[in-house]
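Scroll down for the structure; my scribbles are underneath it.
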Amino acid sequence: MSKSIYITGTGPRSGKSVVVLGVMELLARHGRRIGFFRPVVDKDPISDHLVALVMSRYDITAPQEIMFGVSHASDRNLISKDKEDELHSRILEKYGALKQVCDFVVCVGTDYKTMHTALEFEFNVEVARNLGTPLMPVVAGQGRKVGEIVNAVRELAESLEEKKCDVLSMIVNRVVPDDVTEAVARFQEGSPAGVPVFVLPVHPLLDKLTV
C-alpha cells in the first residue's frame, strides 16, 4: 500500500487546494507524521502560498528544504537545456529524503504558470510516476454542463490508462450544486476505467481557493 498521494489539477483554477486541505484534515486526525511536497515552487517553500497555508494549519515537522524539488528558475533552466532527466532526479532525491522522515506524504502538483496546460499536466503525471505515487487528478467542473464533465473525465481516464498511471481516484470540483446529483448518477452508471469519481459542489466560502 502506498504511503503517499499526488494531487494535481488537470488545468488552472481546478480548485485543487480545497481537495488538498480535505486530504490533510483526514490524515491529521489519525496522528500521522504528515509530509507535504511540491515538485516545483516559486523560490522556496515559504514563498509558495499553499505550502505556507498547510504549514500554518498542520504539524509539519520535516525540514523545509526537503519539502520541494526545485524552484521555477531551476525548472525552466533545466528544461531549456534539455536536462529533464536531471530535473526529475532532483525532484526524486528531495522526495526520497522527505519520505524517510514521514508516515505519509501529500504531493501537490504545479499551478500552471510556466508551461502550456497540456504539457504541464503531462509533467505532473510523469513526476507522479517517477515518485511511485498514486495520482488523484482534480477536474474543474465550473462552467461545464454535466455531459461535458462526464466526457472530460472519461477522456482523462482513458489517457491515464494508456500511460499506465496508477490513479487512486478522480475528483470533479466546483460543480454547480443543481448538477451534482445528475453528475453523481452518471458516474455511478459506469466508473471510467474502474476509477472512483467524486463530485464536489462549488462552495461560496471556499471558492477563492481556486488553484
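In the stretch 101-206, carbon and sulfur make up what percent of the accessible area (probe 1.4 Å)? Mind dumping the intermediate values first?
Working: 2760 of 5200 Å².
C and S atoms contribute 53 percent here.
How far is the Cα center of the stretch 1-44 from the Cα center of the stretch 128-159, in Å?
Going from one Cα centre to the other spans 16 Å.
Using the Karplus equation 6.51 cos²θ - 1.76 cosθ + 1.60 (θ = phi - 60°), what ³J(HN,Hα) coupling, rounded to whole Hz, does each residue of the stretch 185-200 give in order, writing x for Gly and Pro?
After applying 6.51 cos²θ - 1.76 cosθ + 1.60, I find 4, 5, 6, 6, 5, x, 6, x, 6, x, 9, x, 10, 10, 10, 10 Hz.
Determine the sum of side-chain charges near residue 154: Lys and Arg each +1, Asp and Glu each -1, restricted to other residues whose C-beta is under 14 angstrom from that of residue 154. Present the calculation step by step, with values, prior to reporting the outcome.
Working: positive: 144, 186; negative: 148, 155, 158, 161, 162, 189.
Every neighbour counted, the sum reads -4.
For the stretch 78-163, take every pair of Cα atoms, bin their distances at 5 Å starting from 0, and report each bin as a whole percent.
With a bin width of 5 Å, the distribution comes to 2, 11, 19, 22, 19, 13, 8, 5, 1.
Expressed in nm to one decimal, what extension gain is obtained for the pair residue 43 and residue 169 from 0.36 nm per residue of sequence separation less their Cα-Cα distance? Each step should come with its number before you reach the end.
Details: separation 126, 0.36 × 126 = 45.36 nm, distance 3.06 nm.
Gain in length upon complete extension: 42.3 nm.
Calculate for the chain the 222 nm mean residue ellipticity that helices alone would give, adding -39,500 (n - 2.57) per DSSP H run of length 4 or more and normalising by residue count, nearest 500 deg cm²/dmol.
-14000 deg cm²/dmol
First check a/c for the stretch 113-177, with a ≥ b ≥ c the square roots of the eigenvalues of its C-alpha gyration tensor; if it is under 1.5, answer rounded, and if not, answer prolate when a/b is larger than b/c or oblate otherwise.
Prolate, because a/c is 1.5 or more and a/b exceeds b/c.
If the chain between residue 84 and residue 176 were fully stretched, how many nm would it gain, using 0.36 nm times the residue separation less the Cα-Cα distance? The partial results should precede the final answer.
Details: separation 92, 0.36 × 92 = 33.12 nm, distance 3.91 nm.
The span from residue 84 to residue 176 would gain 29.2 nm if fully extended.
How far is helix 84-100 tilted, in degrees, relative to the longest principal axis of the Cα atoms in the chain, given as a value from 0 to 90 rounded to the nearest 10?
Helix 84-100 sits roughly 90 degrees off the main axis of the chain.
Residue by residue through the stretch 164-170, which ³J(HN,Hα) values in whole Hz follow from phi under the Karplus form 6.51 cos²θ - 1.76 cosθ + 1.60 (θ = phi - 60°), with glycine and proline marked x?
Result, rounded to whole Hz: 6, 8, 7, 10, 6, 6, 10.
The values are calculated or read from the model by the stated rules, or taken from the named source; none is laboratory data. The model shown is predicted, which means the values in this text are computed figures rather than measured ones. A quick note on method: Cβ atoms are made from the backbone with ideal geometry, for glycine too, and the neighbour counts reach across all protein chains shown. Note: accessible area is taken over every heavy atom of the protein model, side chains too, but ligands, DNA and RNA are not part of it. Shrake-Rupley method; radii C 1.70, N 1.55, O 1.52, S 1.80 Å.
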